[in-house]
Amino acid sequence: MLEIIGLTTNTTWMLIWTGLVLFLITILTKWYRMCTYFGKLNIPGPMPLPLIGNFHHIVKRGLTYNDLAMTEKYGKTFGYFEGSTPCLLTTDLKLLKSILIKDFNVFTNRRQIDAVMFEPFDHFLSIIKDEDWKTVRAILSTTFTTGKLKSMSKLMLECVNNLNEGFQKVAEKDGIFDSSKFFRSLTLDVISSCCFGFSVDSIKEPDNPVIKHLTRFSFDSMTNDPRFIILVLFPKLAKFLSERNMLEIIPKDTIRFLKELTFTIMQNRRNKSEKRDDFIQSMVEHEENVAEQEKVEQNNEDKKWDPKDQKHLRRTLTLAEIFSQSTLFLFAGYETSSTTLNLIAYHLAKYPEIQNRLIEEIDTVLAHHNGEVSYDSVSEMKYLSMVIDETLRIFPAAVRLDRIPSEDFHYEGMKIVKDLMIFVPLYALHHNPEIYPDPDRFDPERFNDENKQKRENNTYLPFGNGPRNCLGMRFALLEMKLALALTLSKFRFETCDKTPEKIEIDSSGFARPKQKIFLKISSRF
Ligand code: HEM
């Protein structure tokens, strides 16, 4: 009996030891491959640690500050590891031109994270690839034309008026407000109204179920959120957990609620029981155009759609695809625009002379437009653009661009292999003192015509560049200009005791300030 037990115990220990040794050998082999990976491609970079690669630096310094520190240390182009995933970071202007524009056919796509390839993420324009991306991008672009934006500006102004009502109430008390909270409310209302087709006032009705569900699209700092740490460091584990409903990015009830809402609104628009100048309406109009064109084609052989320039517009989006894009607009447009507005208000409060000059411009332009804040009047406000540009330089709301090459690519002796993750660290690019001397200083003059012309292309990329740049750029700029012009025509921002002296950004990937920004608002009249 004992012999048998002894034998079993020994065998068990043998198995455990063999397992451990095999595990160690696997880790060491993998680590060795990681250590030699970039050297073989002739790309410099830091030594990785086993399993986590160089991720510990991101946790320690924060995503953006780490990008800056590594760029300063390893130069314009280098490789490093996020977990065991090799990544290339570059701020080399010539390489950027290749990646974003010249060799776009090689660098068309972004990475797909397997663990999140389910509804609504699976149809996101930002994630889909190649021809599918081209088609959906062409269809969605019909929503962001000048004509459509002019119409949408009225919906945006309704939301800015709600914001100003909120500001008025604050100004009548002590004037102190949490700037991020107010601007988040604004951008949430704008996305809800323009992209989901549903009008809300989140300052007045914070308990509205739409607000409750939409705000679930905001995330904690990447390095504080275990879900993102698993996604980055252990993508296979993330996929395994996600398939078993153990890694939830957005709660299921929120997806169900918003999907039903989108479907109902879409049906109402299709049967013409309501009409609004928003994204959903654009998609219904697109469906009608395609149906109309098909009718024309059936009746007239000569009027066939020119397949060369119109081929992508022949298809219509499914309801699931439309819902997915509305959700993407929320992801892409909510945090980015609100963070930027929050930081603009902060800088205006800190630099009263800049705010005075901006207010002067707003008053002068509005005097020529019967006092009306509109698409046309804000388009004439040059200094307003300069203030927004400089804020997005110091704090690029989306802190990195990413692409993956579809084939091996050779650049100045380096081999950029197929499927290698490529990142463009915007914070590091925008803080290069050779391009922007004294880079932490807030100076909108960097964006006057003369100074802009002096700089090379691709030195300023808050909205990316090339065919895959930000689809919502003009939408976001319009929203921010309308918000600032209307607000500053009535109010002035000031600092208060609770205003932070310096801003540090977190690792959410959105240049979001770590500190709450409290400001004071006072009525101008
Ligand atoms: C201050 C506000 C915003 C900033 C700084 C910003 C920035 C960016 C950046 C850097 C990219 C990647 C571009 C590239 O890879 O070259 C991007 C992509 C995108 N953005 Fe924005 N964005 C903003 C607002 C918005 C808004 C309001 C929307 C929608 C209404 C939007 C929709 C998109 C979409 C759909 C993409 C993916 C485009 C594609 O893959 O074809 N963004 N944005």
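Couple of notes before you dig in:
- All aspartates and glutamates inside 12 Å of LYS516 as judged from Cα atoms, apart from same-chain residues fewer than 8 positions distant: ASP178, GLU501, GLU504, ASP506
- Considering only LEU24, ASN10, GLY62, the residue lying farthest towards the positive end of the dipole of segment 1-144 is GLY62, judged by Cα position with unit charges set on Cβ.
- Here the sum of -39500 (n - 2.57) over DSSP H runs of 4 or more residues, divided by the residues of the chain, equals -17000 deg cm²/dmol at 222 nm, to the nearest 500.
- When the charge dipole of the chain is built from unit charges on Cβ atoms (+1 for Lys and Arg, -1 for Asp and Glu) and taken about the Cα centre, the candidate among VAL378, CYS470, VAL190 whose Cα reaches farthest toward its positive end is CYS470.
- Cross-link table LYS418/LYS452; LYS148/LYS382; LYS181/LYS275; LYS490/LYS514, entries beyond 24 Å C-alpha to C-alpha: LYS418/LYS452; LYS181/LYS275; LYS490/LYS514
- Helix 319-350 axis, angle to the chain major axis (alpha carbon atoms, nearest 10°): 70
- Å² per residue, accessible surface of the chain at 1.4 Å: 47
- 17 Å Cα-Cα reach of LYS259 towards lysines, excluding residues that sit fewer than 8 places from it in its own chain: LYS212
- Distance from the Cα centroid of segment 371-420 to that of segment 167-210 is 27 Å (rounded to whole angstrom).
- Scaled radius of gyration (Cα, divided by 2.2 N^0.38 Å) that the chain gives: 1.08
- Number of Lys-Lys pairs in segment 1-126 with C-alpha atoms under 16 Å apart and a separation of 8 or more places or on different chains: 4.
- Within the straight-line cut-off of under 17 Å between alpha carbons, the aspartates and glutamates reachable from LYS236 are GLU82, ASP114, GLU248, ASP419, sequence neighbours fewer than 8 places apart in one chain being disregarded.
- The portion of the accessible surface of the chain made up by carbon and sulfur, rounded to a whole percent, is 55 (1.4 Å probe; DNA, RNA and ligands excluded).
- Student exercise, segment 1-102 dipole from Lys, Arg, Asp, Glu Cβ charges, in Debye to nearest 20: 580
- 0 to 90° range, to nearest 10: angle between helix 352-367 axis and the chain longest Cα axis: 50
- Per DSSP, loop trypsin sites (Lys or Arg not before Pro) in segment 496-525 with at most 15 further Cβ within 10 Å: LYS498, LYS502, LYS514, LYS516, ARG524
- The trypsin sites (Lys or Arg not before Pro) of segment 174-223 meeting both criteria, a DSSP state outside H, G, I, E and B (loop) and at most 16 other C-beta atoms within 10 angstrom of the site's C-beta, are LYS204.
- Principal-axis tilt of helix 279-299 within the chain, Cα atoms, nearest 10 degrees: 90
- By the Cα gyration tensor, segment 433-489 has an equivalent ellipsoid whose semi-axes, rounded to whole angstrom, run 23, 19, 10 from largest to smallest.
- Among the protein heavy atoms, those of ASP376 account for about 80 Å² of accessible surface (1.4 Å probe, every chain in place).
- Charge dipole of the chain (Cα centre as origin; +1 on each Lys and Arg Cβ, -1 on each Asp and Glu Cβ, all else neutral): 760 debye, rounded to the nearest 20.
- Considering all different alpha carbon pairs of segment 446-525, the Kirkwood hydrodynamic radius works out to 16.1 Å.
- Nonlocal amide H pairs with THR316, under 5 Å, H built at 1.01 Å: none
- Over the chain, relative contact order from alpha-carbon pairs under 8 Å, at least 6 apart, %: 23
- Exposed-loop-free span, longest in the chain, where GluC sites (Glu not before Pro) count as exposed if DSSP calls them loop and at most 16 other C-beta atoms lie within 10 Å: 1-247
- Estimated dipole of segment 384-442 in Debye, rounded to 20 [Cβ of Lys and Arg +1, of Asp and Glu -1, Cα centre]: 120
- The chymotrypsin sites (Phe, Trp or Tyr not before Pro) of segment 88-152 meeting both criteria, a DSSP state outside H, G, I, E and B (loop) and at most 12 other C-beta atoms within 10 angstrom of the site's C-beta, are PHE118.
The values are calculated or read from the model by the stated rules, or taken from the named source; none is laboratory data. What you see is a predicted model; the values in this text were computed from it and never measured. FYI the Cβ positions are ideal-geometry reconstructions off the backbone, even for glycines, and counts take in every protein chain you see. To get the accessible areas, we keep the full protein, side chains included, count just its heavy atoms, and leave off ligands, DNA and RNA. Shrake-Rupley method; radii C 1.70, N 1.55, O 1.52, S 1.80 Å.
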